[in-house]
Amino acid sequence: MGKISNQAVLQKLTERFGSAVSIPSEPFGLLTFETGKEHIIDVLTFLKEDPELKFNYLTDITGIHYPEKELPIGVIYHLHSLYNNVRVRIKVFLEERNPVIPTAVNLWKGANWMERETYDFFGIVFEGHPDLRRILNVDEMTVFPMRKEFPLEDPNRADKKDFFFGR
Amino acid sequence: MSDIKLAEAPPGIEGSGFFATSFEKVIALARSHSLWPLPFATSCCGIEFMATMGAHYDLARFGSERPSFSPRQADMLLVMGTIAKKMGPVLRQVYIQMAEPRWVVAVGACAASGGIFDSYSVLQGIDEIIPVDVYVPGCPPRPEAILSGVLKLQELVRNEPLRRRNTPEYKELLAKYGIQ
């Protein structure tokens with residue numbers, strides 16, 4: 001159990017940011033909320049530098065794609081307070097065309113590769129990132145493979161065609 | 001009397017004190033029984049190859065005594081395992097560094113077709129980037145299957161014309177892969 005309850009974390013956030021922090025929930029006891037890209041760096045800075053909360057560790061940055069939503073591209077931050085043994089998850093949703101969000105590299109050096117990976121797979125541009133290029137996929141790749149419009153299976157593959165199986 | 005079986009001599013003319021046959025057949029015979037393998041192992045098929053090299057299955061019985069870990073002295077490139085697209089240029093480079101004549105065995109489903117990894121990040125068969133002589137199916141293939149693949153390759157080598165590597169067909173094949 002953490003030293004600070006999720007409610008206390010959320011209360012501090014709403015006191016500071018008001019309606020900029022929205023849709024809080026606690027799936028599996030993990031405090032989750034949404035914010036906008038205008039506020040994300042302020043929220044992260046506050047969580048990291050608040051003397052009581054001290055979310056000093058950035059566990060992960062990743063992305064998600066919900067094509068049916070109005071703002072389909074999501075960026076998800078996982079923070080961990082090693083002092084208080086509490087975690088939070090922050091979601092920011094962006095437009096599909098040209099998704100841009102400010103970088104967190106100035107807060108955590110470790111955000112560098114996480115943001116490169118998120119760019120690599122989802123095409124999310126992190127503004128102010130010192131070296132935003134692909135990290136895992138081949139450099140020649142022209143698509144962002146975790147976007148839903150990208151077919152999962154390789155279209156060049158011939159050995160799984162139906163006629164090989166009498167279909 | 002030992003029961004070691006020697007390779008059968010190619011057809012030729014024999015008399016007292018001499019044996020005449022064509023150079024081509026002798027070279028092909030010699031090549032086929034001294035294929036130096038270059039293992040390019042990336043996953044579980046590589047583990048099966050280790051068993052194949054070991055004392056129990058003993059690849060050395062078939063003339064592949066010396067696994068070469070430099071492509072320049074190898075004849076037979078054994079590609080074992082999933083080749084990610086990012087690994088593709090490396091594999092190609094290894095193939096280019098090998099001296100002619102060179103042969104390639106694709107061991108296992110992944111090297112042959114991508115296997116279960118039908119995905120954006122995995123090469124769907126190494127024959128997309130380099131020519132392949134023998135495919136060994138299996139996921140992973142048993143050591144017996146790998147040995148069978150090597151024996152099949154020996155058969156190819158034994159019957160390969162000496163000048164095959166100079167033919168326009170062969171040059172065309174390499175050109176198709178953008179090599180040379």
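The values are calculated or read from the model by the stated rules, or taken from the named source; none is laboratory data. What you are looking at is a predicted structure, and each value in this text was computed from that prediction instead of being measured. Using ideal geometry, Cβ is built from the backbone for each residue, glycine included, and neighbour counts are taken over all protein chains shown.
Output the number of residues of the stretch B:152-180 satisfying the condition of being assigned to a helix (DSSP H, G or I) and touching a helix residue (DSSP H, G or I) at 6+ places or on another chain (Cβ under 7 Å).
Going through the stretch B:152-180 one residue at a time, the tally reaches 5.
Answer with yes or no whether A:R157 is away from chain B (no Cβ under 11 Å) and either of a type in the set (D, E, K, R) or in a loop (DSSP other than H, G, I, E, B) (or both).
No; evaluated as a whole, the condition is false for this residue.
Let me spell it out: the conditions are (1) within 14 Å of chain B (Cβ to nearest Cβ); (2) more than 24 Å from A:N56 (Cα to Cα); (3) surrounded by 17 or more Cβ atoms within 10 Å (Cβ to Cβ), and A:E117 meets all of them except one. Which number is the exception?
(2)
I want to confirm something. Restricting to the stretch A:142-154 and keeping residues that are free of Cβ contacts under 8 Å to residues at least 12 places away in the same chain and at the interface with chain B (Cβ under 10 Å from one of its Cβ atoms), which single residue is farthest from the chain's Cα centre (by Cα)?
A:D154
Quick check on the stretch A:134-155: of everything there that is in contact with a helix residue (DSSP H, G or I) (Cβ under 8 Å, 6 or more places away or on another chain) and farther than 11 Å from B:Y120 by Cα, which residue is surrounded by the fewest Cβ atoms within 10 Å (Cβ to Cβ)?
Checking each candidate, the answer is A:L136.
In this structure, does B:G149 turn out to be surrounded by 15 or more Cβ atoms within 10 Å (Cβ to Cβ), touching a residue at least 24 places away in the same chain (Cβ under 8 Å) and either within 12 Å of another protein chain (Cβ to nearest Cβ) or assigned to a strand (DSSP E or B) (or both)?
no
Does any residue of the stretch B:158-180 turn out to be surrounded by 16 or more Cβ atoms within 10 Å (Cβ to Cβ), under 13 Å from B:R102 (Cβ atoms) and of a type in the set (V, I, T)?
No, there is no match, as no residue in the stretch B:158-180 is surrounded by 16 or more Cβ atoms within 10 Å (Cβ to Cβ), under 13 Å from B:R102 (Cβ atoms) and of a type in the set (V, I, T).
Tell me which residues, restricted to the stretch B:73-91, are of a type outside the set (V, I, T), more than 13 Å from chain A (Cβ to nearest Cβ) and either surrounded by fewer than 17 Cβ atoms within 10 Å (Cβ to Cβ) or under 11 Å from the mean Cα position of the chain (by Cα) (or both).
B:Q73, B:A74, B:D75, B:M76, B:L77, B:L78, listed by residue number.
What residue, of B:P67, B:P89, is modelled with pLDDT under 95 and either part of a loop (DSSP other than H, G, I, E, B) or in contact with an Asp or Glu (Cβ under 9 Å, 6 or more places away or on another chain) (or both)?
Just a single option satisfies the conditions, and that option is B:P67.
Take A:G123 and decide whether it is free of Cβ contacts under 8 Å to residues at least 60 places away in the same chain and at positive phi.
When the stated conditions are applied, A:G123 passes them.
Among the strands (runs of 3 or more DSSP E) lying completely within the stretch A:14-93, list those that include at least 1 residues that are in contact with a Pro (Cβ under 9 Å, 6 or more places away or on another chain) and surrounded by 14 or more Cβ atoms within 10 Å (Cβ to Cβ).
A:31-35, A:57-65, A:73-81
Please indicate, with yes or no, whether at least one residue in the stretch A:65-77 is farther than 24 Å from A:V9 by Cβ, of a type outside the set (D, E, K, R), within 14 Å of chain B (Cβ to nearest Cβ) and without any contact (Cβ under 8 Å) to a residue 60 or more places away in the chain.
No, the conditions are met nowhere in the stretch A:65-77.
Please determine, by comparing only the residues of the stretch A:120-133 that are within 14 Å of A:T62 (Cα to Cα) and touching a helix residue (DSSP H, G or I) at 6+ places or on another chain (Cβ under 9 Å), which one is nearest to the other protein chains (Cβ to nearest Cβ).
A:I124
Of everything in the stretch B:102-116 that's part of a loop (DSSP other than H, G, I, E, B) and surrounded by 17 or more Cβ atoms within 10 Å (Cβ to Cβ), which residue is nearest to the other protein chains (Cβ to nearest Cβ)?
Once the filter is applied, the top-ranked residue is B:G114.
Quick test for you: out of B:Y120, B:Y170, B:Y135, B:Y177, pick the one residue that is under 27 Å from B:S22 (Cβ atoms) and among the aromatic types (F, W, Y).
Testing whether each residue is under 27 Å from B:S22 (Cβ atoms) and among the aromatic types (F, W, Y) leaves just B:Y170.
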